[in-house]
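Written below as structure tokens is the structure these notes are about.
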Amino acid sequence: MENPLQLDTLFQIGPVGISKPVVVTWAIMAGLTLFAILATRRLSLLPGKTQTVLELFVGVIDDQLRDTMQRDPVAFRPLIGTIFLFVLVANWSALIPGVEPPTAHLETDAALAAIVLVATVYFGIRIRGTKGYLATFAEPSWVMIPLNVVEQITRSFSLVVRLFGNVMSGVFVVGIVLSLAGLFVPIPLMALDLLTGAVQAYIFAVLATVFIGAAVGEDRPAAPSEKEDIPR
């Protein structure tokens, strides 16, 4: 079993070394992109099986976003849906012989957490405005500013540690049992690894939704004093 903290360079692109997790990540992104193109090129009012599954998936994502953020999910659906699908496929790639999931490496998990952090700041500023978003760090009092800033950083760190620890441990367990017990004994553990990978993808997506939702706030209706007078 390879050390997940050690990255071996497969080839070079100029001065940049390309490791196996990067290649697997590119392959997953290319596969998901191709799947999205093929699955959505013939959409119709009378959906077939593939379109029905896609619409069900989008509906589940929208319901989760709406329930968690109390906002219209349209603006957040592409990001959260993509994160969920990527993490899910990346976790399940461990079941392919010779492939180590990129989410079992800190670098991939850190990149995903960085995306969530940037998205949190972006949506917070976009919806609240720069002043309004920065004002959230002073809630409930300006004394909390340092703690709120630290919380923003530690939340991202927790995303990295949670995903890395769970995926890496699953890969290690299956690899050790496979080396000791042969081919068929680890099958129940591989099935459990499938479930764990799906759960971790769901948790990562939900936490990303919670963090972004906290930054943008709820979509509250306008107060009576804020409404324009309607001429009669």
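Of all residues in segment 93-115, those that are within 15 Å of F204 (Cα to Cα) have Cβ atoms under 8 Å from Cβ atoms of residues that are modelled with pLDDT under 85 and surrounded by fewer than 17 Cβ atoms within 10 Å (Cβ to Cβ), 6 or more apart or on another chain, in L106/L5. Looking only at residues in segment 26-67 that are of a type in the set (V, I, T), modelled with pLDDT of 90 or more and closer than 30 Å to I127 by Cβ, the one that is nearest to the chain's Cα centre (by Cα) is I61. Identify, by number, the condition in (1) of a type in the set (F, W, Y); (2) within 25 Å of F211 (Cβ to Cβ); (3) more than 22 Å from the chain's Cα centre (by Cα) that W92 doesn't meet. The failed condition is (3).
Out of curiosity, is L134 surrounded by 13 or more Cβ atoms within 10 Å (Cβ to Cβ) and of a type in the set (A, V, I, L, M)? So L134 passes the test. Identify, please: which residue in segment 137-160 is under 30 Å from D193 (Cβ atoms) and surrounded by 14 or more Cβ atoms within 10 Å (Cβ to Cβ) and is, among those, farthest from the chain's Cα centre (by Cα)? Here the answer is R155. Each residue in segment 6-47 was checked for being touching a Lys or Arg at 6+ places or on another chain (Cβ under 8 Å) and not in a strand (DSSP E or B), and 2 pass.
Within segment 21-49, the set of residues being touching a residue at least 12 places away in the same chain (Cβ under 8 Å) and out of contact with any His (no Cβ under 6 Å at 6 or more places or on another chain) comprises V22, V23, V24, T25, I28, M29, G31, L32, A39, T40. The residues in segment 96-131 that are loosely packed, with under 13 Cβ neighbours inside 10 Å and not in a loop (DSSP other than H, G, I, E, B) can be counted, and the count is 3. Please find, within segment 59-93, the residue that is surrounded by the fewest Cβ atoms within 10 Å (Cβ to Cβ) out of those that are under 27 Å from A30 (Cβ atoms) and of a type in the set (S, T, Y). Among those residues, the one meeting the criterion is T82.
When you go through V89, V53, V60 one by one, which is the residue that is touching a Leu at 6+ places or on another chain (Cβ under 8 Å) and part of a helix (DSSP H, G or I)? Working first, answer last.
Numbers: V53 fails: touching a Leu at 6+ places or on another chain (Cβ under 8 Å); V60 fails: touching a Leu at 6+ places or on another chain (Cβ under 8 Å).
One residue alone meets the criteria, V89.
The values are calculated or read from the model by the stated rules, or taken from the named source; none is laboratory data. Predicted model only: the values in this text are computed from it and were never measured. With ideal geometry, Cβ positions are generated from the backbone for all residues, glycine too; neighbour counts draw on all protein chains shown.
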